[in-house]
Amino acid sequence: MPEVLPGIHIVDGVDPSPEFSTHVYLVKDKGASWTLIDTGLPGAHAAIERYLAQQKIEPTAIKKILITHLHRDHTGSLKPLANRTRAKTYAHWIEAAFIANNPPYVGPGTPPAEPFTVDETLKDGDSIDAAGGLIAYHTPGHTPGHTSFYQPERKILFSGDLYFVDDGKVSLTPPEFTHHGLTALISARRMNQLSVDSLMSYHGGPVLKNGGHAMRAFTHQY
Ligand SMILES: [Zn+2]
């Protein structure tokens, strides 16, 4: 699935098997540069570089790499991609510590494959000059420092693993992969306050239209 919305690509070919679907988002900035949101499993960088070549995007045109959380399927190719693109890397300050393996993450979901120190740590409410202007929202629960990225102008929410999407239906990521489910639910309720048109989830894929409605349909069950 290449360009799903103007300037927003889902990188093809990063999944090791059809049963495990990840969605690495490549997003055009306001200028000529690009932003990558999450990096896939270890080894996914080869597919990402192939995709960039297909799209005639120079790896060094990626100026920022944003990480939603520490899990290996999001940070697996961070190091090789940071080296190849020379992009500035960002994660929430709690996740940044776990990604650096200091202290090592203990909990559900797979920890990072190798330690990496991000360039910039984020906190709730930070503005990031990327992808047309993003706001970082700390959305803990799935992991302690899980972060979602909101593009207010276009009402797009990059939600990492806060949600799981199945055939356009939104739920929370299953508890066996989640650090604290009730906290994730509270984060989801908070995201309901935002006006969301497109919900860009990492697993199960995006809800391109009426994403906010799909989010609320789920949280109203509680
Ligand atoms: Zn995760």
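Going by what's in this entry, would L134 be described as closer than 19 Å to H23 by Cα and within 16 Å of the ligand (Cβ to nearest atom)? Spell out how you get there, then give the answer.
On the way: closer than 19 Å to H23 by Cα: yes; within 16 Å of the ligand (Cβ to nearest atom): no.
Here the answer is no, as L134 does not meet what is asked.
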Inset, instruction - Test F116 against the criterion of being touching a strand residue (DSSP E or B) at 6+ places or on another chain (Cβ under 9 Å), within 23 Å of L26 (Cβ to Cβ) and buried (at least 22 other Cβ atoms within 10 Å of the Cβ), and give yes or no. - result: no
Legend entry - Candidate set: region 3-22, residues that are of a type outside the set (A, V, I, L, M), farther than 21 Å from T60 by Cα and in contact (Cβ under 8 Å) with a residue 60 or more places away in the chain; chosen: the one most open to solvent (accessible area, probe 1.4 Å): S21
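Tell me the residue from L36, L70 that is open to solvent by less than 10 Å² (accessible area, probe 1.4 Å) and either closer than 18 Å to A130 by Cβ or among the hydroxyl-bearing types (S, T, Y) (or both), please. Before you say what the answer is, go through the steps one by one.
Working: L70 fails: either closer than 18 Å to A130 by Cβ or among the hydroxyl-bearing types (S, T, Y) (or both).
One residue alone meets the criteria, L36.
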Inset, instruction - Answer yes if at least one residue in region 64-78 is more than 15 Å from the chain's Cα centre (by Cα) and basic (K, R), and no otherwise. - result: no
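Do we find a residue being within 29 Å of F98 (Cα to Cα) and free of Cβ contacts under 8 Å to residues at least 60 places away in the same chain anywhere in region 26-33?
Here is the first cut: in region 26-33, the residues within 29 Å of F98 (Cα to Cα) are 26-29, 33.
The next check asks that each one be free of Cβ contacts under 8 Å to residues at least 60 places away in the same chain; those that pass are 26, 33.
Yes, some residue in region 26-33 is within 29 Å of F98 (Cα to Cα) and free of Cβ contacts under 8 Å to residues at least 60 places away in the same chain.
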Legend entry - Residue selected from region 148-174 under the condition within 12 Å of the ligand (Cβ to nearest atom) and not in a loop (DSSP other than H, G, I, E, B), by the criterion surrounded by the fewest Cβ atoms within 10 Å (Cβ to Cβ): F164
Inset, instruction - Among what's in region 61-73 and is β-branched (V, I, T) and touching a Leu at 6+ places or on another chain (Cβ under 7 Å), pick the residue that is nearest to the ligand (Cβ to nearest atom). - result: I67
Inset, instruction - List every residue pair whose Cβ atoms lie under 8 Å apart, where the two residues are 6 or more positions apart in sequence or sit on different chains, the first residue falls within region 170-190 and is in contact (Cβ under 8 Å) with a residue 40 or more places away in the chain, and the second residue, located anywhere, is away from the ligand (no atom under 14 Å from the Cβ) and open to solvent by 90 Å² or more (accessible area, probe 1.4 Å). - result: L185/Y222
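So, in region 201-213, how many residues would count as being of a type outside the set (V, I, T) and either crowded, with 19+ Cβ neighbours inside 10 Å or within 16 Å of the ligand (Cβ to nearest atom) (or both)?
So the first thing to find is which residues in region 201-213 are of a type outside the set (V, I, T), and the list is 201-206, 208-213.
In the following step, the residues that additionally are either crowded, with 19+ Cβ neighbours inside 10 Å or within 16 Å of the ligand (Cβ to nearest atom) (or both) were identified as 201-206, 211-212.
Matching residues across region 201-213 total 8.
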Legend entry - Evaluation of S198 against (1) open to solvent by less than 40 Å² (accessible area, probe 1.4 Å); (2) under 16 Å from the mean Cα position of the chain (by Cα); (3) within 16 Å of the ligand (Cβ to nearest atom) (one fails), failing number: (3)
Legend entry - Condition check for A188: within 16 Å of the chain's Cα centre (by Cα) and within 18 Å of A214 (Cα to Cα): yes
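If you take the residues in region 74-95 that are within 16 Å of the ligand (Cβ to nearest atom) and without any contact (Cβ under 8 Å) to a residue 60 or more places away in the chain, which one is nearest to Y137 (Cα to Cα)? I'd like the intermediate steps shown before the answer.
Looking only at region 74-95, we keep the residues that are within 16 Å of the ligand (Cβ to nearest atom), and these are 74-78, 91-92, 94-95.
Among the residues that remain, those that are also without any contact (Cβ under 8 Å) to a residue 60 or more places away in the chain are: 75-78, 91-92, 94-95.
Details: T75: 19, G76: 22, S77: 23, L78: 21, A91: 11, H92: 9, I94: 13, E95: 13 Å.
Checked region 74-95; the qualifying residue nearest to Y137 (Cα to Cα) is H92.
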Legend entry - In region 85-110, residue least open to solvent (accessible area, probe 1.4 Å) [restricted to those that are closer than 29 Å to R50 by Cα and part of a loop (DSSP other than H, G, I, E, B)]: A87
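With part of a loop (DSSP other than H, G, I, E, B) and closer than 30 Å to P103 by Cα as the only criterion, which of H69, H45, H74 stands out? First the steps, then the outcome.
Numbers: H45 fails: part of a loop (DSSP other than H, G, I, E, B); H74 fails: part of a loop (DSSP other than H, G, I, E, B).
Criteria check complete, one pass: H69.
The values are calculated or read from the model by the stated rules, or taken from the named source; none is laboratory data. Quick caveat: nothing in here was measured; it's all calculated off a predicted structure. Note: ideal-geometry Cβ built from the backbone for every residue, glycine included; neighbour counts use all protein chains shown. Side chains are part of the model used for accessible areas, which takes the heavy atoms of the whole protein and leaves out ligands, DNA and RNA. Shrake-Rupley method; radii C 1.70, N 1.55, O 1.52, S 1.80 Å.
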